[in-house]
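What follows is a short report on a single structure.
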Amino acid sequence: MRIIVTENYEEMSRRAAAIVRSQIDLKPHCVLGFATGDTPRGMYAELIKMYENREIDFSNVTAFNLDEYCKLGREDSESYHYYMKYNFFDQINIKSENTNIPDCMAPDIGEECRNYEQKIQRCGGIDLQILGIGANGHIGFNEPGIEFEAETHLVKLHQMTIEANSRFFGSREEVPTSAISMGIKTILQSRMLMLLANGEGKAEAIHKTITGKICPEVPASIIQLHPNVVMIIEKNAAKLL
């Protein structure tokens, strides 16, 4: 595991974008796993700048997102379809048919999970999976619990996650309580993991992830078992290391 501690959020974002660019340079037809939320926004902004400066080409890239809220349509401003479209995909030259986000409006969620998993496998797996981390240690929407969920699955969101995400909605009651998420096995099968963390609120989760025991109560701790991990951590999130 390689750990990079940065002075600020901007440096974290630049370092992360540089790793994505290197992956595409090495393998233009690569498969990238993307995350949403506040933490990767700066990285996406840096990647857009690189594209506008003709430093990076997404035309042959295939993308899979980690997760999506249930009961939000694709055009809902809080859906991850909307987030990716307006924060990233619409501003680069990735082909729309090469972007993949779970469809939580599918009539059969179980079938949608199986199909999503199979599509990742048909593409040869994920080359670089970008991860954020929740204050409770979740990655994707794999919440703390008594066991690890292996593959793409329906998950009931932890109360801490609902509280944390309520800032994006008009009220706490509007926050979805369930989501589709890649599972732990799916994430670990990626050839490389890059986890980003920013802010003092993530410090305890980062400390447990890196130095604690591997356990379902801290889902991110499982990345200790992966052979190719880089963690880019803003200094406030690294304060307990």
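Compared with the alpha-carbon gap, the fully stretched path from ALA18 to ASP38 is longer by 5.3 nm at 0.36 nm per residue.
Scanning residues 5 or more positions from LEU131 or on other chains, those with amide H under 5 Å from its amide H are MET194, LEU195, LEU196, with H placed 1.01 Å from N in the peptide plane. Trypsin sites (Lys or Arg not before Pro) within the range 194-241: which are DSSP loop residues with at most 13 other Cβ atoms inside 10 Å? The qualifying sites are LYS213. Take the Cα radius of gyration of the chain and divide it by 2.2 N^0.38 Å, N being the number of residues; the result is 0.94.
Relative intensity of the range 58-99 on a log10 scale, I(q)/I(0) at q = 0.24, 0.30 Å⁻¹, equals -0.83, -1.09, per a Debye sum over C-alpha point scatterers of equal strength in the absence of solvent.
Ordered by the count of other Cβ atoms within 10 Å of each Cβ, fewest first, LEU47, LEU72, LEU240 give LEU240, LEU72, LEU47. The Cβ shell under 15 Å around GLU151 holds other residues with a net charge of -2, Lys and Arg each +1, Asp and Glu each -1.
Are there trypsin sites (Lys or Arg not before Pro) in the range 68-139 that DSSP puts in a loop and that have at most 16 other Cβ atoms within 10 Å, and which ones? Present the calculation step by step, with values, prior to reporting the outcome.
Numbers: sites: LYS71, ARG74, LYS85, LYS95, ARG114, LYS119, ARG122; in loops: LYS71, ARG74, LYS95.
For trypsin sites (Lys or Arg not before Pro) across the range 68-139 that sit outside H, G, I, E and B with at most 16 neighbouring Cβ atoms in 10 Å, the list reads LYS71, ARG74, LYS95.
Its Cα gyration tensor gives the range 105-198 an equivalent ellipsoid; the semi-axes, largest first and in whole Å, are 23, 17, 12. Listed as lacking a disulfide-compatible partner in the chain: CYS30, CYS113, CYS123, CYS215, by the criterion of no other cysteine Cβ under 4.7 Å.
Extension gain for GLU78 to THR177 (0.36 nm times residue separation, less C-alpha to C-alpha distance): 34.3 nm. Stokes-Einstein diffusion for the range 1-53, with the hydrodynamic radius set to the Kirkwood value over Cα pairs and evaluated at 37 °C in a medium of 0.692 mPa s, equals 276 µm²/s. Phi angles of the range 106-111 translate, via the Karplus equation with coefficients 6.51, -1.76, 1.60 and θ = phi - 60°, into HN-Hα couplings of 4, x, 10, 5, x, 5 Hz per residue; Gly and Pro are given as x. Using the rule -39500 (n - 2.57) for each DSSP H run of four or more residues, divided by the residues of the chain, the 222 nm mean residue ellipticity is -9000 deg cm²/dmol.
With neighbours defined as other Cβ atoms within 10 Å of a residue's Cβ, the residues HIS138, HIS207, HIS81 order from fewest to most as HIS207, HIS81, HIS138. The value of relative contact order for the chain, using C-alpha pairs under 8 Å at least six residues apart, is 25 percent. Of PHE58, PHE148, the sequence from fewest to most neighbouring Cβ atoms within 10 angstrom is PHE148, PHE58. Net charge in the neighbourhood of LYS119 (other residues with Cβ under 13 Å of its Cβ; Lys, Arg +1, Asp, Glu -1) is -4.
Quick note: the coordinates plus some simple rules give every number you see, no bench work behind them. Because the structure is predicted, anything quoted here is derived from the model rather than measured. FYI the Cβ positions are ideal-geometry reconstructions off the backbone, even for glycines, and counts take in every protein chain you see.
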